[in-house]
């Protein structure tokens, strides 16, 4: 068994690496790995409601024709502000942009415009469709940045869990041909507990709703589609997460650095998959400071 792998014995036929089906399912069962996860999900909702009450915002702004294709926008106080584009998680099947409005409380006071993006959920939507929607939303933000005091030339993409995967897919986008926006649209990116190789995810119980075949898993794996124009990348994860969630970030870090590109990694000691959420609400946390440092917003 490889270093860092789970200590249990494989039961039944090996499905992926050292894992049998039961073990692989457990590796990607984020909710099952955190018995107190609901309190953190409740935390997102409560603090997001606070952000809407306390900050100027524009809710459910359409970026496409579907009712799911909407953004929540928290304008910056001054023009030409850097933009934080945040993609929610929920393993592509739950949550919405409204659950991520809380992080506006972190970024707007530091002089940023903050945008959270919604997308259609699996299994009604495929991963391909979800990726396209997020790309469309980001292109809309570039084209409309000045309407909320944002600078279209300083866009930073952030996401956690499935949102971390979608952040990777934003980096994998060839922006100019399809969306008519600059190839270097993204100036920096942060993925917390992201998924960058979807083959093991396809082989796990997550595929009950992700519905990927082998080709779709490859097509939507950021590690296999690195960008032509790189940007600084920050990868973070909880120290108490499963070995596969940790390996996913390590895999992306190795791929990024092998090309000589800037990649910072950060393990949040002792924290499970959901316990990292409050770190982004604390402007003085190690994670928030790393993001500010990437954006050039150090105190």
Subject >> Residues that are out of contact with any helix residue (DSSP H, G or I) (no Cβ under 9 Å at 6 or more places or on another chain) and on the phi < 0 side of the Ramachandran plot, drawn from segment 149-178 >> reply: 174, 176, 177
Original post:
Quick one: would you say residue 72 is surrounded by fewer than 17 Cβ atoms within 10 Å (Cβ to Cβ), in contact with a strand residue (DSSP E or B) (Cβ under 9 Å, 6 or more places away or on another chain) and at pLDDT 95 or above?
Top reply: no
Original post:
Here are 122, 51: which of them is buried (at least 20 other Cβ atoms within 10 Å of the Cβ), touching a helix residue (DSSP H, G or I) at 6+ places or on another chain (Cβ under 6 Å) and in a helix (DSSP H, G or I)?
Top reply: 51
**OP:** Could you give me the residue pairs with C-beta distances under 7 Å whose first residue belongs to segment 120-136 and is closer than 16 Å to residue 85 by Cα, whose second residue is in a loop (DSSP other than H, G, I, E, B) and modelled with pLDDT under 95 wherever it lies, and which are 6+ apart or on separate chains?
**Re:** none
Original post:
Of the residues that make up segment 23-42, is at least one in a loop (DSSP other than H, G, I, E, B), within 16 Å of residue 115 (Cα to Cα), within 21 Å of the chain's Cα centre (by Cα) and modelled with pLDDT of 95 or more?
Top reply: no
Original post:
Among the residues of segment 91-101, is there at least one that is under 22 Å from residue 266 (Cα atoms) and in a helix (DSSP H, G or I)?
Top reply: yes
Original post:
Hey, any hits in segment 241-251 for a residue that's at pLDDT below 95, over 15 Å from the mean Cα position of the chain (by Cα) and surrounded by 17 or more Cβ atoms within 10 Å (Cβ to Cβ)?
Top reply: no
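So that you can scan it fast, the table gives a plain yes or no per residue for (1) in contact (Cβ under 8 Å) with a residue 24 or more places away in the chain; (2) in contact with a strand residue (DSSP E or B) (Cβ under 9 Å, 6 or more places away or on another chain):
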residue: 215; (1), (2): no, no
residue: 221; (1), (2): yes, no
residue: 228; (1), (2): yes, no
residue: 244; (1), (2): yes, yes
residue: 250; (1), (2): no, yes
residue: 275; (1), (2): yes, yes
residue: 281; (1), (2): yes, no
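The values are calculated or read from the model by the stated rules, or taken from the named source; none is laboratory data. The shown structure was predicted, so the numbers you read here are calculated from the model rather than taken from an experiment. Glycine gets a Cβ as well: all are built from the backbone with ideal geometry, and neighbour counts include every protein chain shown.
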